[in-house]
Amino acid sequence: MNFNFDSDQLDAEGRQQVAEIAERLKAINSYKPTVIVGYTDAVGSKGYNQGLGQRRANTVARALIAAGVPVDEIGSISSRGKSDLLIAVATADR
């Protein structure tokens, strides 16, 4: 899911995505815990973005638990910040 620039709060679309993911996770008896990874864009320092990615991942984990996903089904919660961008950019773009 996407977050607004410099935000770790879920918007309406993000909350809907979490609800859909939670329903799927509750319907599946998986032997592997769900891994949650937070990412950012390339704007800002490495340290700041590492923290922002972690806050985003924590937000999603809390929302999944609030939606009924058992805590023990949540595995690692981590951040890749801007060190492992999902979309490669040549400059610090949003």
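Taken together, the values in this text are just the output of simple stated rules run on the coordinates, not laboratory data. Here the structure is a predicted model, which is why all the values come from computation and not from measurement. Note that we place each Cβ from the backbone using ideal geometry, even for glycine, and neighbour counts take in every protein chain shown.
Helix-derived [θ] at 222 nm for the chain: sum -39500 (n - 2.57) over DSSP H runs of at least 4, divide by residue count, nearest 500? Rounded to the nearest 500, it is -13500 deg cm²/dmol. Within the shell of other residues whose beta carbon sits under 15 angstrom from the beta carbon of Leu25, the net charge comes to 0, with Lys and Arg scored +1 and Asp and Glu -1. Compared with the dominant principal axis of the Cα atoms in the chain, helix 12-27 is inclined by about 40°. Subtracting the Cα-Cα distance of Asp72 and Gln17 from 0.36 nm times their residue separation leaves 17.7 nm of extension gain. Seen against the Cα atoms of the chain and their longest principal axis, helix 46-66 is set at about 20 degrees.
Gain on full extension, evaluated as 0.36 nm per residue between Met1 and Asn58 minus their Cα-Cα distance, stands at 19.2 nm.
Net charge near Ile77, counting Lys/Arg +1 and Asp/Glu -1 over other residues with Cβ under 15 Å of its Cβ? Mind dumping the intermediate values first?
Working: positive: Lys32, Arg55, Arg56, Arg62, Arg80; negative: Asp8, Asp72, Glu73.
Value of the local net charge: +2.
Here the relative contact order of segment 12-81, from alpha carbon pairs under 8 Å that lie six or more residues apart, stands at 45 percent.
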